[in-house]
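The structure appears right after this line, and notes come after that.
We did not get these values from a lab; they are worked out from the coordinates using the rules stated. Predicted model, so just to flag it, every value in this text is computed and none were measured. All Cβ positions, even for glycine, are placed from backbone atoms using ideal geometry, and neighbour counts span all protein chains on display.
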Amino acid sequence: MSGDLPEYYFRIRENGALVFRVASEGRAGRIEMEPIAFANLRSGEIRPQGDRSITEDEVFRIRAWMKARAEVQARRDADEIYRAVEQINLTAHWAQAKASNEELEAVTDALLMAMHDLRSVLVRKKAERLDGAAGEGG
């Protein structure tokens, strides 16, 4: 491991991270990671761990990490949507050109329900946007 350790380590969890203060102990080079806070991305809450206190600088650094993490997640979410569009196209090609009757029978109902659900959501959201735009312009 490199000699330059970060001051803080963020153990990513489903909805944020457990934040550790990192320290190197003496000549043995033992790495100590003291849990100092939970960072909740959805609520924006930073909660000190146990009876520990965190400094304003640590709160600032945790908030900076939270902002950067939210940006990474937003990019990943957008990328996943474009991958889904690609996968739908590949599925259409598979169904038309490669799938056997048995394979189609196994997936058709599930695909139709998922596509119907997606279409319903997209149509409703588009109508809401159009209604909102008409309300703003009129």
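Points to keep in mind about this one:
- Helix-only CD estimate at 222 nm, as mean residue ellipticity for the chain, using -39500 (n - 2.57) per DSSP H run (n ≥ 4): -20000 deg cm²/dmol
- To the nearest ten degrees, helix 56-93 and the longest principal axis of the Cα atoms of the chain are 20 degrees apart.
- Computed over the chain: relative contact order in percent, which uses C-alpha pairs under 8 Å that are six or more apart: 11
- Net length gained if the chain between ALA74 and PHE60 were fully extended (0.36 nm per residue, minus Cα distance): 2.9 nm
- Under a model in which nothing but the beta-carbon of Lys, Arg (+1) and Asp, Glu (-1) is charged, the chain shows a dipole of about 240 debye around its Cα centre.
- Label-to-label distance, nm, for residues given as ASP117 and SER24 (7 Å Cα→Cβ offset): 5.1
- Residue of ALA78, ALA99, ALA39 that the Gaussian network model of the chain assigns the largest fluctuation, springs spanning Cα pairs under 10 Å: ALA99
- Label corresponding to Cα extents along the principal axes in Å when calculated from the structure given, among (i) 67, 51, 25; (ii) 116, 33, 25; (iii) 37, 33, 28: (i)
- GNM top mover of ARG21, ARG63, ARG30 - the chain, alpha-carbon springs below 10 Å: ARG30
- Neighbour-count order for LEU111, LEU130, fewest beta carbons within 10 angstrom listed first: LEU130, LEU111
- Here's the picture: charge each Lys and Arg Cβ at +1 and each Asp and Glu Cβ at -1 in the chain, and of LEU18, GLY29, LEU41 the one pushed furthest to the positive end of that dipole is GLY29.
- Calculation over all alpha carbon pairs of the range 18-72 in 10 angstrom steps from 0 returns a P(r) of 23, 46, 24, 6, 0 percent.
- Fluctuation leader among MET115, MET66, MET33 - the chain, Gaussian network, Cα springs under 10 angstrom: MET115
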